[in-house]
Amino acid sequence: MPFEFKKFPRGKSLSPSECEEIRAELEAARKLAGYTVSEFAAAANVNQGYLSKILHGHFKKVTRAIEECCKVAEQLNSTHGSKKAFYLRNSIQEAALKAWDGTPENANSILRILNELRRFKKGPIQRQ
């Protein structure tokens with residue numbers, strides 16, 4: 001299910017997991033668009049220092065600044081949808097390479113795991 005910024009109204013006290021969810025989505029949208037923290041802050045009309053705190057998860061309530069950042073993130077996500085798929089593809093490749101220790105045996109193990117994930121995604125195995 002896609003992230004919904006609207007479920008966090010201004011003034012709402014947030015759980016640590018909700019803060020992390022918002023932080024991660026804002027950071028992902030910023031990186032996806034190729035914005036620096038300064039550029040993202042300017043687009044959201046938010047103080048750069050406060051945005052930095054938000055992006056490090058140092059908040060407990062939805063403020064005007066967080067609302068504005070969420071609006072910008074929504075715009076960036078809708079504008080850069082095709083870039084998001086490219087970004088995710090690169091992230092998957094990077095994660096696989098980090099998991100690989102350079103040996104052929106480990107490469108085969110990683111490939112087996114990825115193939116199992118693909119089979120799992122297709123649904124339950126049909127028994128005959």
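Some points to look at:
- Exactly one residue out of Ala73, Ala42, Ala65, Ala96 is part of a helix (DSSP H, G or I) and within 30 Å of Asn115 (Cβ to Cβ): that is Ala96.
- Boolean, Ser52 is in a helix (DSSP H, G or I), touching a residue at least 12 places away in the same chain (Cβ under 8 Å) and more than 13 Å from the chain's Cα centre (by Cα): yes
- Among the residues of the range 1-35, those identified as more than 17 Å from Glu68 (Cβ to Cβ) and in a loop (DSSP other than H, G, I, E, B) are Met1, Pro2, Ser15, Gly34.
- Cβ-Cβ distances below 7 Å connect the following pairs, each with a first residue in the range 56-74 that is over 13 Å from Glu27 (Cβ atoms), a second residue that is among the small types (Gly, Ala, Ser), and a separation of six or more residues or different chains: Lys60/Ser13; Lys61/Gly11; Lys61/Ser13; Val62/Gly11; Glu68/Ala44.
Every residue, every condition in (1) surrounded by 13 or more Cβ atoms within 10 Å (Cβ to Cβ); (2) at pLDDT below 80; (3) not charged (D, E, K, R), yes or no:
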site	(1), (2), (3)
Gly34	no, no, yes
Ala44	yes, no, yes
Gly57	yes, no, yes
Glu68	yes, no, no
Glu74	yes, no, no
Phe86	no, yes, yes
Ala107	yes, no, yes
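The values are calculated or read from the model by the stated rules, or taken from the named source; none is laboratory data. These numbers come from a predicted model, not from an experiment. Ideal geometry is used to build each Cβ from the backbone, glycine not excepted, and the neighbour counts take in all protein chains shown.
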